[in-house]
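Comments concern the structure below.
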Amino acid sequence: METIDGILVGNWVVEDGKPLPLGAAHRANGVNFAIFSRNATSVTLVLFENDQPNCRRQEILLDNRMNRTGDIWHCFIPGLPCGTCYVYRVDGPFAPERGLRFNKNIALLDPYTHALANTENWDFSKSTAYIDGDAAGDLSYNTNDNIGTAPRCIVVTNKFDWQGDKPLNYPLRHSVLYETHVRGLTMYKETDAKYPGTYRGIIEKIPFFKELGVTSLELLPVHEFCENELLRINPRTGEKLKNYWGYSTVAFFAPKNSYAWDKTPGAQVVEFKEMVRELHKAGLEVILDVVFNHTAEGNEYGPTLSFRGLDNPIYYILSENKRYYQNYSGCGNTVNCNNPVMRSMILDCLIYWVVEMHVDGFRFDLGSILGRDQKGNLMENPPMLEKIAEEPVLRNTKIIAEAWDAGGAYQVGWFPGGRWAEWNDHYRDDVRKFWRGDPGFIRHVATRLSGSSDLYLRDGRKPFHSINYITCHDGFTLKDLVSYNGKHNDENGEENRDGNNANYSYNYGFEGPSLNPVIETTRQQQMKNFIATLMISQGTPMLSGGDEFARTQNGNNNAYCQDNETSWYDWNLLKHNNGLFRFTKEMIAFRLRHQCFMRPEFYSGREGSYNAPPEIIWYDEKGSALNWEKTDSCFSFCMFGTKSKILADLDDNDFFIMFNAGTKNVQFTVVDAPKGKSWFRIVDTSLTPPDDICEMGTETPLDFKDKYTARGRSVVILLSK
């Protein structure tokens, strides 16, 4: 039955609609749907009565003439309420040799959907466009319909009481990042969280974050993914392994449904916003780990969830034989980031998370893939990276690259695009090797302490563009770094083949937990050395969550599939290792009090004059100029913060800092303090708590003005007063 304003289909009037914005845009008088597909021959919008499996549905075939503008299929449905669930059927050529894999029987998610429902029992095996077990493999065509049981998109509204909130956007150099996992933070059985494993659980931990003193939470992926996609089991327990980390995105605009306490469809969007708002009230930024390098659809044998069924050769980099996928991600496929369509989607996504969700920044997993062209070649000036860096809306947003990928690209120090910060794995490795006692690393660790000018000065970037870290989610925890010589990933079900072999770790005499007090004391001291080094280095420090109280993964350095107590934060350790926690929070506070450790520019190397004192001077243990070639394990340096016209923004105390990575005690000659001042000890990692670090105003004057014995494996920090 035709009407004046549109066509009556079932219970809904379907009007032409508009091609923009993409996605399901809720309006006061209805919902506009718009989705991209260049090569489709037909697009059907499927509306559901509710979010439950096999509920009643209405299928609306879009008219190729009235409901299509260019490559965008669209319609408007007056009166359709917020909370409506929907998916698409998309038909077109099934020609894998041409890269086309349309299958109208498979439910497709809207790439722009803001929320998903019915994800609890997600089964990827029911979403394959081919027939599993067929001799033709991925060339076979699956006629089984999964529309009734597949997850579905939800129409949501952006209305929310932000109470005046805006992104905090702290300058990088004034930031201390804390990498953590939404679920793992509060899932441990004895955490006593009211809302364990959720966005609300993060809110519950705000007092802890405030006490610790970090400025910014960097969250492992919160974009919708399927934790049930893995097929392996834990060989020790027999339990099915899960995708815990979440680096397998399905929907880039949608916050993870299972991280919401309220299971009402769309509530995950509200709870995420509540988390951001409350964190901002407490002065804490939110940075998201985003995975634009690949999707959960995998290779030709993976599920068809969204992009593959909408326009496979547009969204993915395909091989010369278009049946197959280029795999620069190590996860089966590679997103075609520099195709204009995908480029626009990525930028739209980032803008959405900043404007509508108020996040403060992004860390780009395997960021080098965003610099590959449509054939997979690395580009000199990638438009995707430049556009992100220059997008006006994102001008104050933190953008941090993991500047490598699984296809051989390694761009640390060379990441294109102008203002990008980078995870600095040179820092991680050089500092680990130095404190392990490897010879020949004095020069390298001094460069890292100074902000890695060898990497970032060349193209005009600053010290704070170096994201310094000792540990992160990917690798050993800090406790495991000083407790294991090798990885112990047996429970991942890959016979310990997975994970990095180059850990530069040391167990100090026994593999794993030890009852030997000498070994445990050494380990505690080394953890403090790492934290002290991190907090006094030029650059932006990032702490891996739980390291502040010695969280362990029992030697597993690749716990991506361990959604259990291996990965969850055991908060009992906070009581057992309160001395380490106190040391960490005092080191963070110490850093943020002193501009000397947050320089906006690299050291100039000048010798100094009456109006411009030297910025830093390096010494050996005798107080002589450091011989970089002959010294292996110990050195000292003096940082000058004395007020001058040139260094007015760095007006600070002066610091004399001693590093002794050797096993023997070393008596250092302490250079004279500036005229009218004396040296006071604030840190000595060899001392037991609370003497290992002094709170502000309680610094200890030196007993011997020109000598100080730094015990083996220790850091000593003196400041002038």
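Which residues, counting only those in region 377-415, are assigned to a loop (DSSP other than H, G, I, E, B), touching a Phe, Trp or Tyr at 6+ places or on another chain (Cβ under 6 Å) and more than 18 Å from residue 289 (Cβ to Cβ)?
Of everything in region 377-415, just one residue is assigned to a loop (DSSP other than H, G, I, E, B), touching a Phe, Trp or Tyr at 6+ places or on another chain (Cβ under 6 Å) and more than 18 Å from residue 289 (Cβ to Cβ), namely 407.
Does residue 212 qualify as being buried (at least 23 other Cβ atoms within 10 Å of the Cβ) and under 23 Å from residue 362 (Cα atoms)?
no
Count, please, the residues in region 163-212 that happen to be of a type in the set (Gly, Ala, Ser) and more than 25 Å from residue 269 (Cβ to Cβ).
The total comes to 1.
Kindly establish whether residue 356 is in contact (Cβ under 8 Å) with a residue 60 or more places away in the chain and surrounded by fewer than 20 Cβ atoms within 10 Å (Cβ to Cβ).
yes
When residues of region 221-237 are filtered for being within 15 Å of residue 257 (Cα to Cα) and in a loop (DSSP other than H, G, I, E, B), how many remain?
Residues in region 221-237 being within 15 Å of residue 257 (Cα to Cα) and in a loop (DSSP other than H, G, I, E, B): 5 in total.
Are any of the residues in region 131-138 in contact (Cβ under 8 Å) with a residue 40 or more places away in the chain, more than 17 Å from residue 87 (Cα to Cα) and not in a loop (DSSP other than H, G, I, E, B)?
Yes, region 131-138 contains at least one residue that is in contact (Cβ under 8 Å) with a residue 40 or more places away in the chain, more than 17 Å from residue 87 (Cα to Cα) and not in a loop (DSSP other than H, G, I, E, B).
Mind listing just one residue for me: the one in region 605-639 that is loosely packed, with under 12 Cβ neighbours inside 10 Å and among the hydroxyl-bearing types (Ser, Thr, Tyr) and, of those, modelled with the highest pLDDT?
624
I'd like to know if region 382-398 contains one or more residues that are surrounded by fewer than 24 Cβ atoms within 10 Å (Cβ to Cβ), among the charged types (D, E, K, R) and within 23 Å of residue 542 (Cα to Cα).
The answer is yes, given that some residue of region 382-398 is surrounded by fewer than 24 Cβ atoms within 10 Å (Cβ to Cβ), among the charged types (D, E, K, R) and within 23 Å of residue 542 (Cα to Cα).
Is it true that residue 282 is in contact with a strand residue (DSSP E or B) (Cβ under 8 Å, 6 or more places away or on another chain), touching a residue at least 24 places away in the same chain (Cβ under 8 Å) and of a type in the set (Gly, Ala, Ser)?
no
Of 498, 474, 480, 454, which residue is in a helix (DSSP H, G or I) and surrounded by fewer than 22 Cβ atoms within 10 Å (Cβ to Cβ)?
None of the other options fit; the residue is 454.
What single numbered condition from (1) out of contact with any Lys or Arg (no Cβ under 9 Å at 6 or more places or on another chain); (2) of a type in the set (Ser, Thr, Tyr); (3) over 29 Å from residue 29 (Cα atoms); (4) part of a loop (DSSP other than H, G, I, E, B) fails to hold for residue 149?
Going through the list (1) out of contact with any Lys or Arg (no Cβ under 9 Å at 6 or more places or on another chain); (2) of a type in the set (Ser, Thr, Tyr); (3) over 29 Å from residue 29 (Cα atoms); (4) part of a loop (DSSP other than H, G, I, E, B), residue 149 breaks only (1).
Just for region 398-448: of the residues that are touching a helix residue (DSSP H, G or I) at 6+ places or on another chain (Cβ under 6 Å) and of a type in the set (Lys, Arg), which one is modelled with the highest pLDDT?
448
Table: residues versus (1) without any contact (Cβ under 8 Å) to a residue 24 or more places away in the chain; (2) touching a Lys or Arg at 6+ places or on another chain (Cβ under 6 Å); (3) under 25 Å from residue 246 (Cα atoms); (4) assigned to a loop (DSSP other than H, G, I, E, B).
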| position | (1), (2), (3), (4) |
| --- | --- |
| 447 | yes, no, no, no |
| 488 | no, no, yes, yes |
| 491 | no, yes, yes, no |
| 507 | no, no, no, yes |
| 514 | no, no, no, yes |
| 523 | no, no, no, no |
| 534 | no, no, no, no |
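Can you tell me which residues in region 550-590 are outside any loop (DSSP other than H, G, I, E, B), under 21 Å from the mean Cα position of the chain (by Cα) and under 15 Å from residue 212 (Cα atoms)?
Once the filter is applied, which keeps residues that are outside any loop (DSSP other than H, G, I, E, B), under 21 Å from the mean Cα position of the chain (by Cα) and under 15 Å from residue 212 (Cα atoms), region 550-590 yields only 588.
From the list 641, 662, pick out the single residue that is closer than 19 Å to residue 446 by Cα, in contact with a Ser or Thr (Cβ under 6 Å, 6 or more places away or on another chain) and assigned to a loop (DSSP other than H, G, I, E, B).
Matching residue, one of 641, 662: 662.
Please give the number of the condition residue 111 fails out of (1) more than 21 Å from residue 342 (Cα to Cα); (2) in contact (Cβ under 8 Å) with a residue 12 or more places away in the chain; (3) not in a strand (DSSP E or B).
Residue 111 satisfies all of (1) more than 21 Å from residue 342 (Cα to Cα); (2) in contact (Cβ under 8 Å) with a residue 12 or more places away in the chain; (3) not in a strand (DSSP E or B) except (1).
Answer yes or no: is there a residue in region 469-488 that is under 21 Å from residue 175 (Cβ atoms), of a type in the set (Ser, Thr, Tyr) and touching a strand residue (DSSP E or B) at 6+ places or on another chain (Cβ under 9 Å).
Checked region 469-488: at least one residue is under 21 Å from residue 175 (Cβ atoms), of a type in the set (Ser, Thr, Tyr) and touching a strand residue (DSSP E or B) at 6+ places or on another chain (Cβ under 9 Å).
The values are calculated or read from the model by the stated rules, or taken from the named source; none is laboratory data. Remember, it's a predicted structure, so these values are computed and weren't measured experimentally. Don't worry about glycine lacking a Cβ; one is built from the backbone with ideal geometry, like all the others, and counts go over all protein chains shown.
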